[in-house]
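Report on the following structure.
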Amino acid sequence: MLGFLCQQRDYIRPPEKLTELFVEIRPIFVGIASELHLIESKLRELTADVKLASEVLISEKLAHCLSLTNELREKVESNLAVINKYHNDRAYYLNQMLRDPVAEYDLRVHSILQLELEKSRNLCMVLRRILAENLLHLVHNGGQPKNASYYNNSYG
């Protein structure tokens, strides 16, 4: 059948590799989703600031960071939805006595989650780099602190 997934009566339990992947990535995705909600709310607050909105470069960077954060959060939440509905879908296939679809479903979910984890990691690294670069730009404009007390209150 399909490689590591199905032997004679092994189709009843989810594959160990998939179970280990769930155990490993569920807390990561939950943590990332909550952090992204906080970052997104802070970015919305900053984009609503009249002083920052008047500076074109800064407002464009903030809008770009906000869209990346939103995209990453949606991707993480969709991956959590895949994990959360996995057992229900698998139980449905088992109740219908559809062994081949169960094995194919296990393989598909495993490969999707691994791929999405890589995509989310890469997007997170890009977002982190952009936020770090722009935080320095916001706080230090040409080596001179620019409203440092305002930005320390906003970011601290």
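Quick notes
- When each of 137, 110 is tested for being surrounded by 12 or more Cβ atoms within 10 Å (Cβ to Cβ), outside any loop (DSSP other than H, G, I, E, B) and at pLDDT below 75, the lone residue that passes is 137.
- Of the residues making up segment 21-43, those that are charged (D, E, K, R) and within 15 Å of residue 127 (Cα to Cα) are 35, 40, 42.
- When residue 59 is tested against (1) surrounded by 14 or more Cβ atoms within 10 Å (Cβ to Cβ); (2) closer than 24 Å to residue 27 by Cα; (3) small (Gly, Ala, Ser), only condition (2) is not met.
- Under the condition of being part of a helix (DSSP H, G or I) and more than 17 Å from the chain's Cα centre (by Cα), the residues counted in segment 74-107 number 20.
- First in segment 76-92 and touching a residue at least 12 places away in the same chain (Cβ under 8 Å), second anywhere and among the aromatic types (Phe, Trp, Tyr), Cβ under 8 Å, 6 or more apart: 76/29; 79/29; 80/29; 83/22; 83/29; 86/22; 89/105; 90/105
- Residue 82 vs. criteria surrounded by 19 or more Cβ atoms within 10 Å (Cβ to Cβ), farther than 30 Å from residue 132 by Cα and either at pLDDT 80 or above or of a type in the set (Asp, Glu) (or both): no
- Leading residue by the ranking (surrounded by the most Cβ atoms within 10 Å (Cβ to Cβ)) among those in segment 30-56 that are hydroxyl-bearing (Ser, Thr, Tyr) and closer than 25 Å to residue 74 by Cβ: 47
- Failed criterion for residue 10 (all others in (1) charged (D, E, K, R); (2) modelled with pLDDT under 85; (3) in contact with a helix residue (DSSP H, G or I) (Cβ under 6 Å, 6 or more places away or on another chain) hold): (3)
The values are calculated or read from the model by the stated rules, or taken from the named source; none is laboratory data. This one's a predicted model, so the numbers in the text were calculated from it and none came from an experiment. Don't worry about glycine lacking a Cβ; one is built from the backbone with ideal geometry, like all the others, and counts go over all protein chains shown.
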